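Engineer: Structure provided below as structure tokens; questions to follow.
The values are calculated or read from the model by the stated rules, or taken from the named source; none is laboratory data. Everything numeric in this text was worked out from a predicted model, so none of it was measured. Cβ sites come from the backbone with ideal geometry, for glycine too, and all protein chains shown count toward neighbours. Heads up: the accessible areas ignore ligands, DNA and RNA and are worked out on the full protein's heavy atoms, side chains in. Shrake-Rupley method; radii C 1.70, N 1.55, O 1.52, S 1.80 Å.
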Amino acid sequence: MGYAVNDEVKVNLQSVIIVSAGSLAYLLLSSVLVGFKPEQLWLIGIFNCSFYLSAISRKFILGFSIFIIYWTIFDYMKAFPNYNYNTVHIADLYNFEKKLFGINLNGKVLTPNEYWRVKGSTFIDVGAGIFYLCWVPVPLAFAAFLFFYNRKQFLYFSLTFLLVNLIGFVIYYIYPAAPPWYVEYHGFTFHAATKGNTAGLAKFDAYFNVSIFKSLYSKSSNVFAAMPSLHSSYPVVVLYYGLKNRLWFTSVFFIVVMLGIWFTAVYASHHYVLDVLAGILCAIAGIFSFNLLISKSKPFQNFIVKYEKIIR
């Protein structure tokens, strides 16, 4: 790419060729791996418009390319189902959850998911849905804030977010796991062709007569990727960087959202308590690996300096 003295990416023939070739390569590879989808055109359209619109929008989209990488990897996982590589855990995970966190109700031991399926209410359904809608918008909004507040912290947060996801994706392939709703609808028998399910979140859609969660879970990369719960990981990463940047008041909001997402993950039967705990540990492992190991290396520091100059 062409750079000015401060390494800012300029719109010139070289950058136009790179962006155009990259966009075409993405569409072709996506078509081969997961098939053509309209959102692929939306993604390419947003990237290209942002790149050419202005200097600040160009810097913004180049910074947010870290999240585009995350989304692309997540999407491409559809082409490589984890159940093709290891046995899916269904009954053993369910029974272990019941053994550790089982709740006795009328003489019968239930998993927390089963308990809340009985004890739920419309009020909780609505609140839980609102919390679960925060799982991506809050991290992205926080990233946007950091982009304008502190570019270096934006890069650290974004790359930590990516690392946590990569750790989670690896575990998905090592330990494929069915979510609680799978046991409710399909028992302990493995069915590879099972589609994503809104489970308890369907009550939120029904209450407002919308299909928000239905449309979201229809795009799920893999039903058998419940362990760890990355929904539970994201708010931990957000909270860590909120506290690190001394955003005390905002961090209180992050704590509330985090607790709400953790509860909803179990309440809506998308995750076991074990999945949530694994997600929390995944976030902690990613945060400390990044901040104590990766960020201390000289090559990485040089990379950050160059990246920060590009989006400054």
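Engineer: Do you know which residues across the range 75-120 are over 18 Å from W181 (Cα atoms), open to solvent by 40 Å² or more (accessible area, probe 1.4 Å) and not in a helix (DSSP H, G or I)?
Structural biologist: F80, Y85, N86, T87, N104, N106, G107, K108
Engineer: Can you confirm whether the range 185-198 contains a residue that is open to solvent by 10 Å² or more (accessible area, probe 1.4 Å), of a type in the set (A, V, I, L, M) and assigned to a helix (DSSP H, G or I)? Explain how you work it out, then say what you get.
Structural biologist: Narrowing the range 185-198 to residues open to solvent by 10 Å² or more (accessible area, probe 1.4 Å): 185-198.
So of that shortlist, the ones also of a type in the set (A, V, I, L, M) come out as 192-193.
Add one more test, that the residue is assigned to a helix (DSSP H, G or I), and what stays is none.
There is no residue in the range 185-198 that is open to solvent by 10 Å² or more (accessible area, probe 1.4 Å), of a type in the set (A, V, I, L, M) and assigned to a helix (DSSP H, G or I).
Engineer: Hey, L216 hits all of (1) closer than 27 Å to F80 by Cβ; (2) surrounded by fewer than 19 Cβ atoms within 10 Å (Cβ to Cβ); (3) in contact with a Gly (Cβ under 6 Å, 6 or more places away or on another chain) but one; which does it fall short on?
Structural biologist: That leaves (3) as the condition not met.
Engineer: From the list A226, A193, exactly one residue is at pLDDT 90 or above and at negative phi. Which is it?
Structural biologist: A226
Engineer: Right, next: Could you check the range 83-129 and list, in sequence order, the residues that are closer than 20 Å to Y207 by Cα and without any contact (Cβ under 8 Å) to a residue 24 or more places away in the chain? Reasoning before the result, please.
Structural biologist: Just the residues of the range 83-129 that are closer than 20 Å to Y207 by Cα, to begin with: 116-129.
Of everything in the range 83-129, those that are closer than 20 Å to Y207 by Cα and without any contact (Cβ under 8 Å) to a residue 24 or more places away in the chain turn out to be V118, K119, S121, F123.
Engineer: For the range 170-184, does any single residue satisfy the condition of being modelled with pLDDT of 95 or more, among the aromatic types (F, W, Y) and touching a Ser or Thr at 6+ places or on another chain (Cβ under 8 Å)?
Structural biologist: The answer is yes; a qualifying residue exists.
Engineer: Starting from residues that are out of contact with any Asp or Glu (no Cβ under 6 Å at 6 or more places or on another chain) and part of a loop (DSSP other than H, G, I, E, B), keep the ones in the range 200-213 and report whichever is least open to solvent (accessible area, probe 1.4 Å).
Structural biologist: Looking at residues that are out of contact with any Asp or Glu (no Cβ under 6 Å at 6 or more places or on another chain) and part of a loop (DSSP other than H, G, I, E, B), I get V210.
Engineer: Given the condition farther than 24 Å from L155 by Cβ, open to solvent by 70 Å² or more (accessible area, probe 1.4 Å) and more than 19 Å from the chain's Cα centre (by Cα), answer yes or no: does some residue in the range 252-263 qualify?
Structural biologist: yes
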